[in-house]
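Report on the structure given below.
The values are calculated or read from the model by the stated rules, or taken from the named source; none is laboratory data. Remember, predicted model here, so these are calculated numbers, not experimental data. Reconstructed Cβ throughout: ideal geometry from the backbone, glycine too, with neighbour counts over all protein chains shown.
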Amino acid sequence: MDDYKFLFKVVLVGNAGVGKTCLVRRFTQGLFPPGQGATIGVDFMIKTVDVDNEKVKLQIWDTAGQERFRSITQSYYRSAHALILVYDISCQPTFDCLPDWLREIEEYASSKVLRVLVGNKIDREDREIPTHVGEEFAERHNMYFLETSAKEAENVERLFMQIAEDLMKQARSRDLPRYDASTTNINGRTSTVSDSNCCSRFQ
Amino acid sequence: MCFGCCGCCSAFRPRYKRFVDNIFPVYPQDGLVKNNMEKLTFYALSSPEKLDRIGEYMYQRAARDIYRRRYGFVIIAMEAMDQLLLACHAPALNLFVESFLKMVQKLLESTEPELQILATQSFVKFANIEEDTPSYHRRYDFFVSKFSAMCHSSEGDQIRIAGIKGLQAVVRKTVSDDLVENIWEPVHMDKIVPSLLFNMQNARFLNNEAKEVIPEDQTDPPMLAETCLRELVGRASFGHIRAVLKPVLKHFDLHKLWAPEDNPNNNEFAIHTFRIIMFSIQAQYSYTVVETLVAHLDDNAKSSPIIRTSISGVLSKIIAIAAGESVGPMVLEIINSLLCHLRDSVKHGTSMTEEKQYQDALINALGEFANHLPDYQKIEIMMFIMSKIPFPLVDNHTPADNLLQSILLKSLLKVGTKYQTIHLNSTFPVSFLEPLLRMSLAPDPEMRLLVQKILHTLLDRHQNLEKLTKPTVNVSKLNLVLEKSSRPDLIFINKHGPIIYDALYTTLQMDSNTPDNVEAVYTTLALLCVELASAETVIDLLQLVLGIQSLALNSTTLSTSQKFNLHALVISLLVLIPSVVTIPPLLEYANQIVEARTQEAPHLLPDLMVHYPQDSEVANKVPHLLVDQMAVCENLKSGGIDPSRLAQTSPYGAGGPGVVIGGQRNSWIETARGSVIDINAPPEVDSVSSSPGVQRKMVEEELTFESMKKVLTESVEIRKEAEARRRKQLSDTFRTATFSELVRRTQPKHDVLQNKLNEIFKSLSANDRRNPTEEKKIEKPAYEQNFPELFFY
Ligand SMILES: Nc1nc2c(ncn2[C@@H]2O[C@H](COP(=O)(O)OP(=O)(O)OP(=O)(O)O)[C@@H](O)[C@H]2O)c(=O)[nH]1
Ligand SMILES: [Mg+2]
């Protein structure tokens, strides 16, 4: 009943107010929280999904976009299997910050991490970033791309399911970064793959 | 599938499952079935090999109950697991622990705050038990991540408290055995440290400043977080300290805690936090904190002066705690860094008040640091600061040079104030005394005043300074503290008296002197007299006093007021000297003059003024009110002291411009009219830096200091070091060779040489940057550019 074959850690990042928390709550709880307050530090949610009749547990770490929490949020990148970088399609500055976020991801996350670019709030009328612009950016930086609406539940399920499927494929081909605290090098970056089964095939 | 309520199938189930099922009541509100729990415990104790299965089964049940939101049963399961954990000590416990931790994690993953808190409590219990054989593959990554997230919860204090306690438990569990999990890895510390600080920063911590020990059961998140931080820091060994400090600094930067937005001048949280760290850290590592903060100051070179001031302020507050433990090259490294910051700050902006505050904060930090060092290190520090001071040249071309000099002198004064002289010869090694005296001839009267103040604080061993700040003829009212001077002191003054007196005499010739300057020289002389009171020194002092009087009479550059100042100084000393050394006839003579002047020429007595009444008679016109050399000699003789030396020609000139007479003056001064070659080409200045003569000289003069500095510079590239040494040698040579020249240049006369020297010193100090990339630029050293002829004979 609680058994799962795979455990994946997914971390959401992006400017404050782009809707990270709403996306997570839409996915894990199936709701769009009215008056969602800014995240303080880091939030945590769990959801188990089925992929190819296998149970996959997604551990979702929802980070605060506010700059002052950067020190703690960055420390969560390191163990992520997938990073979801979110911007708000109706807010140009959140898109303009993407290069900064990528730099941070480069610095703190594993090089093998699955990176997904998400343009959220497509339900809004006042779009500022055309779809193709986001798409091109994602392509240039070797990322998956998806546009979502946490409000209208558009593409949210698909986003996470896609990630779960992809990570599982990677895991099957044993290409998934494995995290082991003892194998981080001086730079604090995960460099080695350990033998231990830490993407957790609990049986 | 329904356990616990289905008695009929229980008969076919394994025994351990039945034992487990039986501890659950029908209705969760009835709680754990106690006697069945006892049975289960007994069973587990007698069949320890079954523990792992019991654990796994309990976990499975609880997972199901969570899924079905039957939280009552979950709580009971957790309680039962707690009890089993505490009851069992078997080696098999290891396997049970795996299930136990899975259970805890499961509860932490739920969205129910109650379950999260419960899970944390269980985890804390677990952390407190000692396992025989810790499991090396066990990872605490999730717990650190989750507890850290809980520390930020906006759902109220309870979750945060649980988060903090959870972190504390992880630390306790892992800290003693690196093989289990290296909790000091950045991946963990970067979560734990900011989480604790985040909880601390909202505290009304100031009220609790006094309490250094906080009770364990504190339930206030800030206090709890503080306790946890203390524990963490206290357990950090040398290799781990940076792992703790780095996230602290980052957190302070990001949360703008150095200078909070709502109150930029309030850095009390920063001070509070760093004090906590200093008090908790193992004492022998405490200087690492200072070092790290100094480095952080480097990193903030571009930040606003408010932030830099705040960091320096924190430094000055904690530096004392570290100083006692700091030994070896660290001290100079820190001092050097602070001095570099001072210099950089001077370069930045000189006018901004914020920048000034920053400089003050740095000077304070320097002083605080020095204050807590042993005295021998203070001397080294003073010499070190001295070596950093740009030399006073004829004109200080830039205000920045000027400011840097005065700031460094202020630092020197600050350090000097903390130093307690015992023997003058250890306080004033030649390599310190000479540059200091040279500095006492700086063109800027403010700077000269500072130098005198430094001399005061270093000379005054008997707390007479206060009493001697102003010239006075009422010496008996001063209640001076006197002590017979020791042999080493007398040797010192015999050896160095001439250069000291000479420098004081020369500084009195400056036409930019204010009464403050003259008073300061009085204080120096008075202190010398008091500290070194002896018949032997009396003659030298009186010789100087008479010299000053003739300066006042004959100088063509000093103003009338300045001359009056000098006369007042002369008479004050003439009263002081026989009072201290007890020469009644001379004292009587001095008092007669005082009396006569009181009647006829009060302007020749203290207090010193800037402006005197129009009708004040110049001293030359009242010879009977002056100090007469013959009379002094006679009074000395009747006081039992041989005045023959005094009767000889005075080493002090008549005080006219440029008339510093050689001959009898100490050889240190040499001739004032030395040619360019004399000054610039002593044997030391050699294009080959390894000239043995030079080396030996340096070793002799600056043994400890040099060795300290060597350690200091050893870390940098050899090339840079070699260049610096050459530069230092050269500049030392200039320093030692050109004193007479400096003396001459203090008079209003310029020549080509001065300008040339000026250029050199300027380019020397310009080259002397900290930026290593600049250093690397292979350039002809400044002195080669300016004095090519010196290098190619
Ligand atoms: N129209 C619309 N609004 C959304 C959507 N998703 C989020 N919002 C709104 O955007 C605001 C911010 O959402 P959050 O989920 O709190 O944003 P966040 O990225 O978690 O912000 P931080 O926690 O501060 O980093 C809220 O007012 C949401 O109601 C969406 O898909 N459509
Ligand atoms: Mg959020």
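Residue-by-condition table, conditions (1) in contact with a Lys or Arg (Cβ under 8 Å, 6 or more places away or on another chain); (2) within 29 Å of A:Met45 (Cα to Cα); (3) modelled with pLDDT of 90 or more:
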| residue | (1), (2), (3) |
| --- | --- |
| B:Thr41 | no, no, yes |
| B:Asp52 | no, yes, no |
| B:Ala77 | yes, yes, yes |
| B:Leu86 | yes, no, no |
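Consider segment B:260-277 and keep the residues that are crowded, with 22+ Cβ neighbours inside 10 Å and either more than 18 Å from B:Ala365 (Cβ to Cβ) or not hydroxyl-bearing (Ser, Thr, Tyr) (or both). The one that is modelled with the lowest pLDDT is B:Asn267. Looking only at segment A:118-134, filter to residues that are over 18 Å from A:Phe8 (Cβ atoms) and surrounded by 22 or more Cβ atoms within 10 Å (Cβ to Cβ); which one of those is farthest from the other protein chains (Cβ to nearest Cβ)? Out of the qualifying residues, it is A:Gly119. Report yes if some residue within segment A:61-71 is among the aromatic types (Phe, Trp, Tyr) and near ligand 1 (Cβ under 10 Å from one of its atoms); otherwise report no. The answer is yes, given that some residue of segment A:61-71 is among the aromatic types (Phe, Trp, Tyr) and near ligand 1 (Cβ under 10 Å from one of its atoms). Of the residues in segment A:97-109, at least one is touching a helix residue (DSSP H, G or I) at 6+ places or on another chain (Cβ under 6 Å) and more than 16 Å from ligand 1 (Cβ to nearest atom). For segment B:64-99, the set of residues classified as within 14 Å of chain A (Cβ to nearest Cβ), in contact (Cβ under 8 Å) with a residue 24 or more places away in the chain and either of a type in the set (S, T, N, Q) or surrounded by fewer than 18 Cβ atoms within 10 Å (Cβ to Cβ) (or both) consists of B:Arg70, B:Glu98, B:Ser99, listed by residue number.
Condition check ((1) under 15 Å from A:Val18 (Cα atoms); (2) out of contact with any Leu (no Cβ under 9 Å at 6 or more places or on another chain)) across all residues:
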site	(1), (2)
A:Tyr108	no, yes
A:Val118	yes, no
A:Ile122	yes, yes
A:Glu125	no, yes
A:Leu146	yes, no
A:Ala150	yes, no
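Table: residues versus (1) among the acidic types (Asp, Glu); (2) in contact with a Lys or Arg (Cβ under 7 Å, 6 or more places away or on another chain); (3) more than 8 Å from ligand 1 (Cβ to nearest atom); (4) more than 23 Å from A:Arg78 (Cβ to Cβ).
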residue: A:Gly30; (1), (2), (3), (4): no, no, yes, yes
residue: A:Pro33; (1), (2), (3), (4): no, yes, no, yes
residue: A:Val49; (1), (2), (3), (4): no, no, yes, yes
residue: A:Asn53; (1), (2), (3), (4): no, no, yes, yes
residue: A:Leu58; (1), (2), (3), (4): no, yes, yes, no
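Of everything in segment B:226-245 that is touching a Ser or Thr at 6+ places or on another chain (Cβ under 8 Å) and within 14 Å of another protein chain (Cβ to nearest Cβ), the residue that is surrounded by the fewest Cβ atoms within 10 Å (Cβ to Cβ) is B:Arg242.
Does B:Lys165 meet the test of being away from every other protein chain (no Cβ under 14 Å) and assigned to a helix (DSSP H, G or I)? The answer is yes for B:Lys165. Pairs meeting the criteria (first residue in segment A:112-123 and under 18 Å from A:Gln92 (Cβ atoms), second residue assigned to a loop (DSSP other than H, G, I, E, B) and away from ligand 1 (no atom under 16 Å from the Cβ), beta carbons under 6 Å, at least 6 apart or on different chains) are A:Leu117/A:Met143. Of the residues making up segment A:73-90, those that are within 13 Å of ligand 1 (Cβ to nearest atom) and of a type in the set (A, V, I, L, M, F, W, C) are A:Ile84, A:Leu85, A:Val86, A:Ile89. Of the residues making up segment B:486-509, at least one is farther than 28 Å from B:Met630 by Cβ, modelled with pLDDT under 90 and in a loop (DSSP other than H, G, I, E, B).
Of all the residues in segment A:1-23, those that are within 12 Å of another protein chain (Cβ to nearest Cβ) and either within 13 Å of ligand 2 (Cβ to nearest atom) or not charged (D, E, K, R) (or both) number 5.
A quick yes/no check of all residues on (1) surrounded by 22 or more Cβ atoms within 10 Å (Cβ to Cβ); (2) more than 23 Å from the chain's Cα centre (by Cα); (3) farther than 23 Å from B:Lys347 by Cα:
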| site | (1), (2), (3) |
| --- | --- |
| B:Pro374 | no, no, yes |
| B:Ser387 | no, no, no |
| B:Leu408 | yes, no, no |
| B:Leu412 | yes, no, no |
| B:Lys418 | no, no, yes |
| B:Val430 | no, yes, yes |
| B:Leu458 | yes, no, yes |
| B:His462 | no, yes, yes |
| B:Asn474 | no, yes, yes |
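Scanning segment B:272-285 for residues that are in contact with a Phe, Trp or Tyr (Cβ under 9 Å, 6 or more places away or on another chain) and in a helix (DSSP H, G or I) yields B:His272, B:Thr273, B:Gln284, B:Tyr285. Picking from residues in segment A:25-73 that are more than 12 Å from chain B (Cβ to nearest Cβ) and within 12 Å of ligand 2 (Cβ to nearest atom), the one that is nearest to B:His188 (Cα to Cα) is A:Gly65.
Of all residues in segment B:577-592, which are surrounded by 21 or more Cβ atoms within 10 Å (Cβ to Cβ) and closer than 13 Å to B:Asn474 by Cα? Once the filter is applied, which keeps residues that are surrounded by 21 or more Cβ atoms within 10 Å (Cβ to Cβ) and closer than 13 Å to B:Asn474 by Cα, segment B:577-592 yields B:Ile577, B:Pro578, B:Ser579, B:Val580, B:Leu587, B:Ala590.
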